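Report on the structure given below.
The values are calculated or read from the model by the stated rules, or taken from the named source; none is laboratory data. Quick caveat: nothing in here was measured; it's all calculated off a predicted structure. Because the Cβ atoms are built from the backbone with ideal geometry, glycine has one as well, and the counts that use them run over all protein chains shown.
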């Protein structure tokens, strides 16, 4: 966030993290912050409330899900999720998604 610039109201955590990464010189790690910013738009409210983008390894996106039941359902939707994420980002940032049980926001 720029000096002297005040934000009012609620701020998406992805924007805050992106600002921190930029100030630390970690611009390449901002891909995950961008995914956090568009996650709900890309996957929908139902999926977003039960999952969290966790990490990038190359073009592989690691996503934490609430349960093994969610992971199974997400496997059926993976191709559509990748297409939607890449369409919103305007580039092929994600080529594959791996789902794991883990902490969800």
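Only one of the numbered conditions (1) closer than 22 Å to residue 83 by Cβ; (2) at pLDDT below 90 is violated by residue 47, and that is (2). Consider residue 89 carefully, then state whether it is touching a helix residue (DSSP H, G or I) at 6+ places or on another chain (Cβ under 7 Å) and surrounded by 14 or more Cβ atoms within 10 Å (Cβ to Cβ). Yes.
Among the residues here, residue 47 qualifies as within 25 Å of residue 10 (Cβ to Cβ) and not in a strand (DSSP E or B). Considering (1) in contact (Cβ under 8 Å) with a residue 24 or more places away in the chain; (2) in a helix (DSSP H, G or I); (3) out of contact with any strand residue (DSSP E or B) (no Cβ under 6 Å at 6 or more places or on another chain); (4) closer than 17 Å to residue 94 by Cα, the lone condition that residue 56 does not fulfil carries the number (2).
When region 61-79 is examined, which residues are found to be out of contact with any helix residue (DSSP H, G or I) (no Cβ under 6 Å at 6 or more places or on another chain) and either assigned to a loop (DSSP other than H, G, I, E, B) or closer than 14 Å to residue 39 by Cβ (or both)?
Applying the first criterion (out of contact with any helix residue (DSSP H, G or I) (no Cβ under 6 Å at 6 or more places or on another chain)) to region 61-79 yields 61-64, 66-79.
Correct list: 61, 62, 63, 64, 66, 67, 74, 77.
Can you tell me which residues in region 49-60 are over 13 Å from residue 39 (Cα atoms) and either more than 14 Å from the chain's Cα centre (by Cα) or buried (at least 17 other Cβ atoms within 10 Å of the Cβ) (or both)? Across region 49-60, the qualifying residue is only 58.
The set of residues from region 80-105 being outside any strand (DSSP E or B) and in contact with a strand residue (DSSP E or B) (Cβ under 9 Å, 6 or more places away or on another chain) comprises 81, 82, 85, 93, 94, 95, 102, 103, 104, 105.
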